[in-house]
Amino acid sequence: HRYRQLLLAVQPGAISDLKLQVPFVCNVNGQKICTYYADFTYRTAAGELVVEDVKGMRTPVYRLKKKLVEAIHGIQIREV
């Protein structure tokens with residue numbers, strides 16, 4: 001459902017560069033800890049990168065990965 005909404009936003013130019021299942025690798029002190037896959041990434045008309053995750057249930061592993069990705073990559077994950 002969310003993908004269809006985003007596709008409709010691409011056509012009039014509200015968003016661009018829509019991607020699915022984008023990997024964010026988390027390395028700490030040169031060691032790979034995990035890879036987080038964002039459901040969607042795209043850019044707003046102003047050029048801002050948006051990272052979205054469609055969540056039904058926030059598991060403990062997801063909450064930990066979200067914090068790690070946000071801290072390492074300096075991004076904010078939007079939960080839809």
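The values are calculated or read from the model by the stated rules, or taken from the named source; none is laboratory data. Everything numeric in this text was worked out from a predicted model, so none of it was measured. So basically every Cβ, Gly included, is an ideal-geometry build from the backbone, and we count neighbours across all protein chains shown. These area figures cover heavy atoms from the full protein model, side chains too; ligands, DNA and RNA do not enter into them. Shrake-Rupley method; radii C 1.70, N 1.55, O 1.52, S 1.80 Å.
Is it true that Val25 is touching a Phe, Trp or Tyr at 6+ places or on another chain (Cβ under 9 Å), loosely packed, with under 14 Cβ neighbours inside 10 Å and either of a type in the set (Ser, Thr, Tyr) or part of a strand (DSSP E or B) (or both)? When the stated conditions are applied, Val25 passes them.
For region 30-47, residues that are assigned to a strand (DSSP E or B), open to solvent by 30 Å² or more (accessible area, probe 1.4 Å) and more than 20 Å from Arg2 (Cα to Cα) total 3. The set of residues in region 48-69 that are touching a residue at least 40 places away in the same chain (Cβ under 8 Å), within 15 Å of Phe24 (Cα to Cα) and not in a helix (DSSP H, G or I) contains only Glu52.
Filtering Val69, Val10 for residues that are in contact with a Ser or Thr (Cβ under 8 Å, 6 or more places away or on another chain) and open to solvent by less than 60 Å² (accessible area, probe 1.4 Å) leaves a single hit, Val10.
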